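Working notes, structure below.
The values are calculated or read from the model by the stated rules, or taken from the named source; none is laboratory data. This is a predicted model, so every value here is computed, not measured. Using ideal geometry, Cβ is built from the backbone for each residue, glycine included, and neighbour counts are taken over all protein chains shown.
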Amino acid sequence: MSLAIMCSGGDAPGMNPAIKRFVDYVYEKGEIPYFVYNGLEGLIDGQIERATHKDVAGIVHRGGAIIRSSRSKRFYEYKYRKQAYENLVKSDVTGLVVLGGDGSFRAMDLMSREFDLNFVGIPTTIDNDIYGTDICLGVDTALNVIRDALDKIRDTASTFSRAFIVEVMGRDCGYLAIVSAITSGAEICIVPEVDFNKSVVEEHLKREIANGRNYILSIVAEGTKKTNEIAQWLENSVGMESRITVLGHIQRGGSPTVYDRMLAFEFTIRAVDHLLANTSSNKVVVIKNGQYGMCEISEVVDNRYTINPELLGMLNKLD
Ligand code: F6P
């Protein structure tokens, strides 16, 4: 049997450990591993090559993905999905492991309804916005990148008596912002999931400033699009000079944490085992309450991820 692995959409730390485990494990099982290079774009163009142990030597600690990734507009068109499927058939690939997020799973779900395709998805995105799993591959590393940045920003914020507004990624999901705010003790956290009561917080902050508070750390999720607004409000209404830091794509880079490496290994082994045991069922590997499992692809793509209310409850509520 020949199995292939592909990365799709935004890259996330942990992809390389997963790719390494995939190649080594598929060979251990006596099967042949393949790479699909450049994500869905590469699948359309037939960039499918046999993988060797040498390809994956010394990559476990590296961020990014040695087989690269892409966001594909062409894949929205049926003719390109057909071409992609035919390329898999031509290469004798009978099962595909896809490291990707929501959009990639939707694309694969569509393709699997049209063609006789077997795939298993590994939830891989720093946004942590995939239904059915508590955590996605790459999230822990991204959180640690943010933590490191926030610790440094706190140093300068406190020395200069300033308000810092730190914008973090997550697309429409506030998970990165919420966990970062909780673990860094930020005064303010603005996320799409929670209403923000400006006047109550303003009053509270003014009182604190009068009592000696000399800096403010606020985390804003990019999905709110409120970074500039919050900076102006802190400066003009709360009365503290402010600075904006947009962390941007550094959150997607860096050496995967130990947690992400282990998660990559566990997810990959389960994905391969599933493909070897089942020839006609498309699923996503998940972890829920510490237990690994498989979720139907339809369930994953038809439902919306929501943040655990207990986590929301841990936010430092100023109102
Ligand atoms: O989905 C991962 C992510 O990093 C989001 O957090 C962010 O909104 C988006 O991708 C950025 O996309 P791009 O890398 O295409 O600019």
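Within 16 Å of the ligand (Cβ to nearest atom), touching a residue at least 60 places away in the same chain (Cβ under 8 Å) and of a type in the set (Ser, Thr, Tyr), is that true of Thr94?
no
Restricting the first member to segment 225-238 and to residues that are free of Cβ contacts under 8 Å to residues at least 60 places away in the same chain, and the second to residues that are part of a helix (DSSP H, G or I), the beta-carbon pairs closer than 7 Å and six or more apart or on different chains are Trp233/Lys198; Ser237/Glu202.
Could you tell me whether any residue of segment 109-118 is basic (Lys, Arg), modelled with pLDDT of 95 or more and assigned to a helix (DSSP H, G or I)? Among the residues of segment 109-118, not one is basic (Lys, Arg), modelled with pLDDT of 95 or more and assigned to a helix (DSSP H, G or I), which makes the answer no. Within segment 168-192, the set of residues being within 16 Å of the ligand (Cβ to nearest atom) and of a type in the set (Gly, Ala, Ser) comprises Gly170, Gly174, Ala177, Ser180.
Counting only residues that are closer than 20 Å to Leu276 by Cα and surrounded by fewer than 17 Cβ atoms within 10 Å (Cβ to Cβ), segment 57-90 holds 2 of them. For segment 161-177, check the following and say yes or no: at least one residue is among the hydroxyl-bearing types (Ser, Thr, Tyr), surrounded by fewer than 18 Cβ atoms within 10 Å (Cβ to Cβ) and assigned to a loop (DSSP other than H, G, I, E, B). There is at least one residue in segment 161-177 that is among the hydroxyl-bearing types (Ser, Thr, Tyr), surrounded by fewer than 18 Cβ atoms within 10 Å (Cβ to Cβ) and assigned to a loop (DSSP other than H, G, I, E, B).
Of all the residues in segment 148-182, those that are of a type in the set (Phe, Trp, Tyr) and closer than 24 Å to His249 by Cα number 2. A single entry from Gly212, Gly185 fulfils the requirement of being small (Gly, Ala, Ser), in contact (Cβ under 8 Å) with a residue 12 or more places away in the chain, farther than 20 Å from Ile250 by Cα and surrounded by fewer than 18 Cβ atoms within 10 Å (Cβ to Cβ): Gly185.
Could you list all residues from segment 189-199 that are outside any helix (DSSP H, G or I) and more than 17 Å from Cys173 (Cα to Cα)? The one that is outside any helix (DSSP H, G or I) and more than 17 Å from Cys173 (Cα to Cα): Asn197. Filter segment 1-56 for residues that are surrounded by 24 or more Cβ atoms within 10 Å (Cβ to Cβ) and within 16 Å of the ligand (Cβ to nearest atom) and give the result. Result: Cys7, Ser8, Asp11, Ala12, Pro13, Gly14, Met15, Gly39, Leu40. Only one entry of Asp129, Asp140, Asp134 meets the criterion of being within 19 Å of the chain's Cα centre (by Cα) and in a helix (DSSP H, G or I), and that entry is Asp140.
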